[in-house]
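Asker: Here it is, the structure, as C-alpha cells.
The values are calculated or read from the model by the stated rules, or taken from the named source; none is laboratory data. Remember, it's a predicted structure, so these values are computed and weren't measured experimentally. For neighbour counting, all protein chains shown are included, and Cβ atoms are generated from backbone atoms with ideal geometry for every residue, glycine included.
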Amino acid sequence: MNAVYTAVVTANGRDGRATSADGHLDVRLAFPPALGGDGQGTNPEQLFAAGYAACFTSTLGVVGREAKIRTGDISVTAEIGLAKDDTDGGFAITALLRVKLPEALRNETGRKLVEQAHAGCPYSKATRGNIPVELIVE
C-alpha cells in the first residue's frame, strides 16, 4: 500500500510530551490517576479515542452519502480502556464506540450504516481481530 498521508508524531513516554513534525500537535502526556499519575496531561488512550471517534464519524458520513441516506448530525464517543491482559499479565486495549444518530436513523437502517462504517473505518480495520470493539447505537 502507498500512503496518501502520513502523520509523524514523536513521544518520549507516558509522562512527557508528544509533538507532531508539522507543529500542530504538542501535548503534555501524563499517567491518569487510575494508573498512579497526576492526570495533568493527556494519555495514549485519550489520543487513540480521539482519532478513532473522528475517523469513525467521518467514515459513517461517507457510508451514508454513498447509500444516499442523509445522516444529519452524528457523533461518535470512543471509550478506550486499558485492561489487564490475562494471557501475559500485561495490559490490553478495549474499545466501545457510542454512535449517536438522529432520531430518524435509530432503526435497522441506521444500524446497518454503523456496521458498514465499522467494516470500512481504517481504525476498525486496524483493530479487527486484535482488540474487542463494541458498537452501541444511541
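Asker: Of the numbered conditions (1) touching a Leu at 6+ places or on another chain (Cβ under 9 Å); (2) closer than 23 Å to residue 17 by Cα; (3) not assigned by TED's automatic domain parsing to the domain that holds residue 10, residue 54 satisfies every one except a single condition; which is it?
Answerer: If we test residue 54 against (1) touching a Leu at 6+ places or on another chain (Cβ under 9 Å); (2) closer than 23 Å to residue 17 by Cα; (3) not assigned by TED's automatic domain parsing to the domain that holds residue 10, just (1) comes out false.
Asker: Can I ask one more? Evaluate the following for residue 15: is it outside the structural domain of residue 77 (by TED's automatic domain parsing) and within 21 Å of residue 92 (Cα to Cα)?
Answerer: Judged against the criteria, residue 15 is a match.
Asker: Could you tell me whether any residue of the stretch 71-79 is more than 18 Å from residue 134 (Cα to Cα) and in contact with a helix residue (DSSP H, G or I) (Cβ under 8 Å, 6 or more places away or on another chain)?
Answerer: For the stretch 71-79, residues more than 18 Å from residue 134 (Cα to Cα) and in contact with a helix residue (DSSP H, G or I) (Cβ under 8 Å, 6 or more places away or on another chain): present.
Asker: Additional query: Determine which single condition residue 104 fails, assuming it passes every other condition in (1) outside the structural domain of residue 19 (by TED's automatic domain parsing); (2) among the small types (Gly, Ala, Ser); (3) within 29 Å of residue 7 (Cα to Cα).
Answerer: So residue 104 meets the others, but not (3).
Asker: Quick check, is residue 7 exposed (fewer than 15 other Cβ atoms within 10 Å of the Cβ) and modelled with pLDDT of 95 or more?
Answerer: In short, yes.
Asker: Taking the stretch 1-26 on its own, how many of its residues are small (Gly, Ala, Ser), part of a loop (DSSP other than H, G, I, E, B) and either touching a residue at least 24 places away in the same chain (Cβ under 8 Å) or under 25 Å from residue 76 (Cβ atoms) (or both)?
Answerer: 2
Asker: Would you check which residues across the stretch 24-70 are farther than 30 Å from residue 112 by Cα and of a type in the set (S, T, N, Q) and list them?
Answerer: 40, 42, 43, listed by residue number.
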